[in-house]
């Protein structure tokens, strides 16, 4: 039987084999990656001019910015939905979910842990935390796609040489400490007996053969980023050496360039706008400045390749070969990016659904069958204008005669559940006001001919 220390050691050793790839992905996102091949014709002192190209960050952020979770949907079970929303807000997951999505896109995966509330936590609310793949390592069953074991490692803030770890197993959670070169159990072992590891991975670009996921910063994007960095560096080197017109002086003594003839003074005089010499045989010739448009053309070509691989619209990469695009053209250019964001939202949403079901299991001891129908509500990843959304919702609703009810029209407009609830109250108040107004304006009912309040005598009675 594998011991706790063996579990942690095996997971940490496996993580070390992947750590370099994770750090390299982060360096491309942060634009801090150092090129392996800088430039053949660039002198050694000028290799510090390497430019940072932010295409990976632009691409990843463009996807993450479109992955906003607005709430949950579970049929008409509003009581369960309100409970899940309370848990979501109490754990700051409006903000933390975006961080989990960003790490999943950059590194290929991130993780979410779920635990029962501790002594200092709000009562009745599970503790849901997002974790970076830099300090959490897991094993995943390829058949069930469930985590079989996981460990979270972090440094002791008071002693950098000491590390802490939390080992997650299907029926227990174990705290450990790394001291004197060995892991050892340090603290009380929590016997939760859930039958599952309380860790849910959020994976990006997952494949059947690789359940760990891969970075959204693909090899082709990295190669084009490196190429653009080299082009920018070469352009800077050319601008330093040849972008300023060079002048050659014939028949002029160097001492006439500067009184003292020091190299610094000679150079300053040479760079001056006006030169005057007394030598009658002196001549000046000027070379034409180097043209840098060849570098610009190469950068634009690289940007077009990046756009074709990533689906980023041309205006995101600051190039366009056409006239200013209309609103419909801009929307059409974002079609691939929107579709990619929808696909990412569906995959990441499935992970968050498992997180909330795991939270219900921890708090209630079991998961009701209807929780399997839980859905994550994502904000529309496209960028329609407010006027176009209002026009579409109005036509679909058509004053109660269309194909959707009023509530769905408000959902399509992007109003939150709280805003829609307030609107329902306003609708009820409006109906009450209209009913009161109708009662006021309603004409009095006609009285019967022989009623006591009617003083008009009938014709028949008068003749009698």
Check: Conditions: (1) touching a helix residue (DSSP H, G or I) at 6+ places or on another chain (Cβ under 8 Å); (2) not in a strand (DSSP E or B). Residue 193 meets all but one. Number of the miss?
Finding: (1)
Item checked: Residue list for the range 156-171, filter: surrounded by 15 or more Cβ atoms within 10 Å (Cβ to Cβ), without any contact (Cβ under 8 Å) to a residue 40 or more places away in the chain and within 18 Å of residue 2 (Cα to Cα) -> 166, 170
Note to self: Looking only at the range 288-314, filter to residues that are out of contact with any helix residue (DSSP H, G or I) (no Cβ under 7 Å at 6 or more places or on another chain) and assigned to a helix (DSSP H, G or I); which one of those is surrounded by the fewest Cβ atoms within 10 Å (Cβ to Cβ)?
What the structure shows: 293
Check: In the range 125-143, what count of residues is obtained for those that are under 21 Å from residue 10 (Cα atoms) and assigned to a strand (DSSP E or B)?
Finding: 6
Notebook entry, point to check: Can you name the residue in the range 24-38 that is in contact (Cβ under 8 Å) with a residue 12 or more places away in the chain and in a helix (DSSP H, G or I) and is also surrounded by the fewest Cβ atoms within 10 Å (Cβ to Cβ) among such residues?
Noted result: 26
Next item on the list: Could you figure out which of (1) in contact (Cβ under 8 Å) with a residue 40 or more places away in the chain; (2) surrounded by 15 or more Cβ atoms within 10 Å (Cβ to Cβ) isn't true of residue 124?
Entry: (2)
Next item on the list: Tally the residues that are outside any loop (DSSP other than H, G, I, E, B) and without any contact (Cβ under 8 Å) to a residue 60 or more places away in the chain, restricting the search to the range 58-80.
Entry: 4
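For residue 141, state whether it is free of Cβ contacts under 8 Å to residues at least 24 places away in the same chain and more than 31 Å from the chain's Cα centre (by Cα). Can you show your working first?
Values: free of Cβ contacts under 8 Å to residues at least 24 places away in the same chain: yes; more than 31 Å from the chain's Cα centre (by Cα): no.
No: the conditions fail for residue 141.
Quick check on the range 357-371. Is at least one of its residues under 23 Å from residue 73 (Cα atoms), touching a strand residue (DSSP E or B) at 6+ places or on another chain (Cβ under 7 Å), part of a loop (DSSP other than H, G, I, E, B) and at pLDDT 85 or above?
Filtering the range 357-371 down to residues under 23 Å from residue 73 (Cα atoms) leaves 357-371.
If we keep only those that are touching a strand residue (DSSP E or B) at 6+ places or on another chain (Cβ under 7 Å) too, we end up with 358-359, 362.
Next, only the ones that are part of a loop (DSSP other than H, G, I, E, B) stay: none.
Scanning the range 357-371 turns up no residue that is under 23 Å from residue 73 (Cα atoms), touching a strand residue (DSSP E or B) at 6+ places or on another chain (Cβ under 7 Å), part of a loop (DSSP other than H, G, I, E, B) and at pLDDT 85 or above.
The values are calculated or read from the model by the stated rules, or taken from the named source; none is laboratory data. These numbers come from a predicted model, not from an experiment. Neighbour counts run over all protein chains shown; Cβ positions are idealised from the backbone, glycine included.
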